[in-house]
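K.L.:
I have a structure here, written as structure tokens, and I will follow up with some questions on it.
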Amino acid sequence: MKALRDQEQSRLTESFRFQYLVTSTMKLLQIVMLLVFCAKFTGGYKFVRSILASGAQYYKILMTLGTCRGKLIFTEQKVWGNVKLNRILDIYYRSDTPHILVSRVELTIVANSTECIAYSEQGVGLSSFSASVLLPMHGGTVLYKLEVFTCSSPTTESLETTTETTVNKFCA
């Protein structure tokens, strides 16, 4: 009986050691990914991050870049189920006309961790926009919403046509 108990305790100790090793490795991987991400983007623009709401297991995080929230020219929503490792999300938007300039980008993320960073090399003010987002490790189900705004003033008909064309390109 004692030998069986010792064997069970030994198995539990091995299981605990393995779990500790996996957890430590994941934390180290998270730090390395964060350092690589930060080293890649050293001369650009960091999104301003604020936590809008927190629930029992999830946080609603708003990340913004730019100030003028005029007209909505592009929106996108996605859901990822059970994100295990860090996920790097690349965002790219390009207007069909050079008259429509990106003035503000809002990124809303709902995840079970606040460890996320968004960064853009070019920033806003151009007819194209690009950014990268590092989502949290073990983020569980992640909800993502992207909104791109403009404050440039083309005619309303031109803006509606461009928005419709752009949405059709990205959603097709």
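The values are calculated or read from the model by the stated rules, or taken from the named source; none is laboratory data. The structure presented is a predicted model; accordingly, all values stated were derived computationally and were not measured. Cβ coordinates were reconstructed from backbone atoms using ideal geometry, including for glycine residues, and neighbour counts include every protein chain displayed.
K.L.:
Among the residues that make up the stretch 25-44, is at least one of them hydrophobic (A, V, I, L, M, F, W, C), modelled with pLDDT of 90 or more and surrounded by 13 or more Cβ atoms within 10 Å (Cβ to Cβ)?
P.N.:
no
K.L.:
Exactly one condition in (1) under 15 Å from L143 (Cα atoms); (2) surrounded by 15 or more Cβ atoms within 10 Å (Cβ to Cβ) is not met by A131; state its number.
P.N.:
Going through the list (1) under 15 Å from L143 (Cα atoms); (2) surrounded by 15 or more Cβ atoms within 10 Å (Cβ to Cβ), A131 breaks only (1).
K.L.:
Can we say E164 is among the acidic types (D, E) and at pLDDT below 80?
P.N.:
Answer is yes for this residue.
K.L.:
I'd like the full set of residues that are surrounded by fewer than 15 Cβ atoms within 10 Å (Cβ to Cβ), within 21 Å of G125 (Cα to Cα) and among the polar types (S, T, N, Q), limited to the stretch 48-74.
P.N.:
T67
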